[in-house]
Amino acid sequence: MTILILGGAGRTGARIHRRLSTTGVPTRLASRRTGFDWDQPDTWSDAVHGTTAAYVCFTPDLAFPGVPEKMRDLGQLAAAANLERLVLLSGRGEEGARMSESALREGGVPTTVLRCSWFQQNFSEHFLTGPVRRGFLHLPAPDVPEAFVDLDDVADAAVQALTCTIPEDATYELSGPELLTFAQTAAILTDACKRQVTYLSVDVPTFVADLAQDGVPADEAEPLAHLFTEILDGRNASLTAGVENILGRPASSFSAYARATAMSGVWS
Ligand SMILES: NC(=O)c1ccc[n+]([C@@H]2O[C@H](COP(=O)([O-])OP(=O)(O)OC[C@H]3O[C@@H](n4cnc5c(N)ncnc54)[C@H](OP(=O)(O)O)[C@@H]3O)[C@@H](O)[C@H]2O)c1
């Protein structure tokens, strides 16, 4: 048994790899640094063949145009290579992601889909790290409630799905335990960091310019902004029982994440 982790060096992939390695499950990590490239389908076969199951994490985003076609091809390849199970990381309320989920399933390999709320770690391991350090969360979104989920919960759930302890061919919605607006997350971050963090709703060019300060290129920031404009309209303002159903324990809170992350020094 070998589990393939696509995006294995990334935020979710690395967490899943650590968990599987600790329990002695053999893994194969795949990303550009190992020769696997989503933009070069001829690099996929070497990664997939000889594995029994795969964690599928598409970068930059499963909801972007052109991704369903890639998911369809990957699903067919996984079926031809006799994979027994796929676990797909997806997002809540995203029409483009729905199309990618269906396309991957067309190959017929039993697939568990994990549809996640906004990651808490967007504030410390992704595009909001710099804004928190600068004290201003500039977002192209109204102050809607979101059910921020902890990536450690997502990784724990993915490991359960990859090691066959939950039903295959199911779709789970994973959220945190509470709904928070961005202004409320800013207040929690202010408390955790012991200095002011303020949320401001801004237009797309301001958001793109803010992210450029941290080296995020416009061709990544702009589609991200348009995705937020689409999904941050309140459609995901509900809690789900996905984490509790899979893990048998409550989801981790944003406050606990903020306190632990502030102590790590990443926002200092
Ligand atoms: N952020 C959120 O709040 C949120 C919420 C719900 C769902 N999601 C979904 O989460 C997914 C991202 O997950 P993540 O944060 O764990 O991933 P990630 O950390 O952004 O990226 C994982 C890895 O992908 C690799 N990669 C980048 N471009 C690649 C390419 N062209 N071909 C092959 N590998 C490539 C990179 O490694 P190399 O440099 O070695 O290639 C990177 O380490 C997206 O599909 C998104 O839709 C995100």
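The values are calculated or read from the model by the stated rules, or taken from the named source; none is laboratory data. On a predicted model such as this, the values are computed, not experimentally measured, just so you know. Methodologically, a virtual Cβ is constructed for each residue, glycine included, from the backbone with ideal geometry; neighbour enumeration extends over all protein chains shown.
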Answer with yes or no whether PRO131 is farther than 24 Å from GLU168 by Cβ and either touching a residue at least 24 places away in the same chain (Cβ under 8 Å) or not in a helix (DSSP H, G or I) (or both). yes
Members of the stretch 9-25 found to be touching a residue at least 40 places away in the same chain (Cβ under 8 Å), within 10 Å of the ligand (Cβ to nearest atom) and part of a loop (DSSP other than H, G, I, E, B), listed by number: GLY10
Hey, could you check the stretch 140-150 for residues that are surrounded by fewer than 23 Cβ atoms within 10 Å (Cβ to Cβ) and aliphatic (A, V, I, L, M) and say which is farthest from the ligand (Cβ to nearest atom)? VAL144
Between a residue in the stretch 228-257 that is on the phi > 0 side of the Ramachandran plot and any residue that is modelled with pLDDT under 95, which pairs come within a Cβ distance under 6 Å, given they are 6 or more apart or on different chains? GLY234/VAL144
Need at least 1 residues that are within 15 Å of the ligand (Cβ to nearest atom) and among the hydroxyl-bearing types (Ser, Thr, Tyr) per element, so show me which helices (runs of 4 or more DSSP H) inside the stretch 26-106 make the cut, counting only ones lying wholly within it. 44-48, 95-105
When ALA183 is evaluated against the numbered criteria (1) exposed (fewer than 15 other Cβ atoms within 10 Å of the Cβ); (2) in contact with a Phe, Trp or Tyr (Cβ under 6 Å, 6 or more places away or on another chain); (3) under 20 Å from VAL243 (Cβ atoms), which criterion, by number, is the only one it fails? (3)
